[in-house]
Amino acid sequence: MHWYGFLLYPFALLYNLVTRLRNWFFDQGWFKTTESPIPTILVGNLSVGGTGKTPMVEHLIRLLKEDFKLGTLSRGYGRASKGFFQANQASNPRIFGDEPFQIYKKFGKEIQVFVGEDRVAALQKIKSEKNIPQVIILDDALQHRSVKAHLNILLTTFHQPFFSDHLMPAGRLRESRSGAKRADLVVVTKCPDTISEGLKNEFKDRISQYAGLKTPVLFSQITYGKPYPIEEGSKFSTSIILLSGLASDELLVKFCRNNFDVLEILSFPDHHDYVETDFAKLKKARQNYPDREVVLLTTEKDAAKVKSTAPEGFMGEIPIFVLPILVGFSSEDAQILMQQIQQKVLKNTKTSEI
């Protein structure tokens, strides 16, 4: 909590009352919950932004896409459209949303990608289509309690775990810590590679106070792939200008400083829409190094926006490279994750469709 958090505490108490009352109505059945008509894995969190939901969704896609017909469904945060849509070649980040568009660009030939703020109606619509996915991955829907998924995966970061956080606006929690009881599985994300067994056990003890003693707790690390160019033929240089619009760029910056010659860092808010003045800043940053071979390095989410909104000729002035973000588990935790998916989700798929 910030030093001024105590000033916001009365508002957090009011927020707590509203969210607890809403959850109680769902628990009592006064607000309707509909079980997903398609086997569903939900990936969500208790806090606002930055827990690594999209990398986790992509990890699940890679894990299952070879054996099952997959689909993803999210509300498409920040999109300039409403209603239900399936991604196609005409989709763009502005209309479809940053994360679902990113997933479509990476996996669109192998899976179906949907957006819809009304998850119940969206799932019914998907179920009515001819080519029905065998498994749906729901992105950021833990608070969307009108849908009951078959497996709820709760993410919380190593550096800002939910059990040490506070309700908005004093902290970053969307609802009280007790919301963790709805999780079937908890993943502590963005862990250091050197996390000890003792610290893992400490996290498990703290998490079990809210999620329950039988809820598995796994630990994952963020890793990065090899940079690749937006346009083929571009040559990579380790002299980079780093551009990102993330909830937290701390790990990204640390990795890049350890592996590249970072000349400039341009950080923007999460889901930032790039405009003319941003590209002017990028151009000016490039001009600071006239005698260097410089590339712009950015995230997959930001790359799609940069490519679609950059002024004509901009990409000819500086090569743009993308740094993939990946999720890593220990072999033991990877096995537990797969067991949970098999027990709660895959057993509900129709064997005749597999």
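Could you look through segment 204-241, keep only residues that are within 30 Å of D291 (Cβ to Cβ) and under 23 Å from the mean Cα position of the chain (by Cα), and pick out the one that is modelled with the lowest pLDDT? Spell out the reasoning first.
Narrowing segment 204-241 to residues within 30 Å of D291 (Cβ to Cβ): 224-241.
Checking which are under 23 Å from the mean Cα position of the chain (by Cα) leaves us with 224-230.
Working: Y224: 93, G225: 91, K226: 93, P227: 95, Y228: 93, P229: 92, I230: 87.
Filtering segment 204-241 for residues that are within 30 Å of D291 (Cβ to Cβ) and under 23 Å from the mean Cα position of the chain (by Cα), the one modelled with the lowest pLDDT comes out as I230.
Of the candidates S81, S36, S91, the single residue that is under 22 Å from A180 (Cα atoms) and touching a residue at least 12 places away in the same chain (Cβ under 8 Å) is S36.
The rows are residues; the columns are (1) surrounded by fewer than 21 Cβ atoms within 10 Å (Cβ to Cβ); (2) more than 25 Å from P161 (Cα to Cα); (3) not assigned by TED's automatic domain parsing to the domain that holds L173.
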{"site": "V43", "(1), (2), (3)": "no, no, no"}
{"site": "A80", "(1), (2), (3)": "yes, yes, no"}
{"site": "A90", "(1), (2), (3)": "yes, yes, no"}
{"site": "A122", "(1), (2), (3)": "no, yes, no"}
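List pairs: first in segment 2-23 and at negative phi and in the same structural domain as L142 (by TED's automatic domain parsing), second outside any helix (DSSP H, G or I) and modelled with pLDDT under 80, Cβ under 7 Å, 6+ apart or cross-chain? Filtered contacts from segment 2-23: no entries.
The residues of segment 37-53 that are more than 13 Å from K344 (Cα to Cα) and outside any strand (DSSP E or B), listed by number, are P37, L46, V48, G49, G50, T51, G52, K53. Looking only at segment 280-332, count every residue that is farther than 24 Å from P100 by Cα and among the aromatic types (F, W, Y) and tell me the total. Of the residues in that region, 2 qualify.
The residues on offer are F314, F279, F260, F268, and the sole one that is outside the structural domain of Y104 (by TED's automatic domain parsing), touching a Lys or Arg at 6+ places or on another chain (Cβ under 9 Å) and among the hydrophobic types (A, V, I, L, M, F, W, C) is F314.
Every residue, every condition in (1) modelled with pLDDT of 90 or more; (2) touching a Pro at 6+ places or on another chain (Cβ under 6 Å); (3) at negative phi; (4) surrounded by 12 or more Cβ atoms within 10 Å (Cβ to Cβ), yes or no:
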| residue | (1), (2), (3), (4) |
| --- | --- |
| R257 | yes, no, yes, yes |
| K284 | yes, no, yes, no |
| A304 | no, yes, yes, yes |
| I320 | yes, no, yes, yes |
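Restricting segment 114-138 to residues that are part of a loop (DSSP other than H, G, I, E, B) and in contact (Cβ under 8 Å) with a residue 12 or more places away in the chain, the residue that is farthest from I41 (Cα to Cα) is N131. Under the condition of being in contact with a Leu (Cβ under 6 Å, 6 or more places away or on another chain) and either more than 22 Å from Y104 (Cα to Cα) or hydroxyl-bearing (S, T, Y) (or both), the residues counted in segment 297-319 number 2.
Taking segment 261-354 as the region of interest, the helices (runs of 4 or more DSSP H) fully inside it that hold 2 or more residues being without any contact (Cβ under 8 Å) to a residue 12 or more places away in the chain are 276-287, 331-344.
Checked against (1) surrounded by fewer than 14 Cβ atoms within 10 Å (Cβ to Cβ); (2) not assigned by TED's automatic domain parsing to the domain that holds N348, S244 meets all criteria but (1).
Filtering segment 45-54 down to residues that are among the polar types (S, T, N, Q) and under 20 Å from N16 (Cβ atoms), which residue is surrounded by the most Cβ atoms within 10 Å (Cβ to Cβ)? Among residues in segment 45-54 that are among the polar types (S, T, N, Q) and under 20 Å from N16 (Cβ atoms), the one surrounded by the most Cβ atoms within 10 Å (Cβ to Cβ) is N45. Any chance you could count how many residues in segment 187-201 are part of a strand (DSSP E or B) and closer than 15 Å to T223 by Cα? Looking only at that region, the number is 2.
The values are calculated or read from the model by the stated rules, or taken from the named source; none is laboratory data. Fair warning: this is a prediction, and the values are worked out from it, not measured in the lab. With ideal geometry, Cβ positions are generated from the backbone for all residues, glycine too; neighbour counts draw on all protein chains shown.
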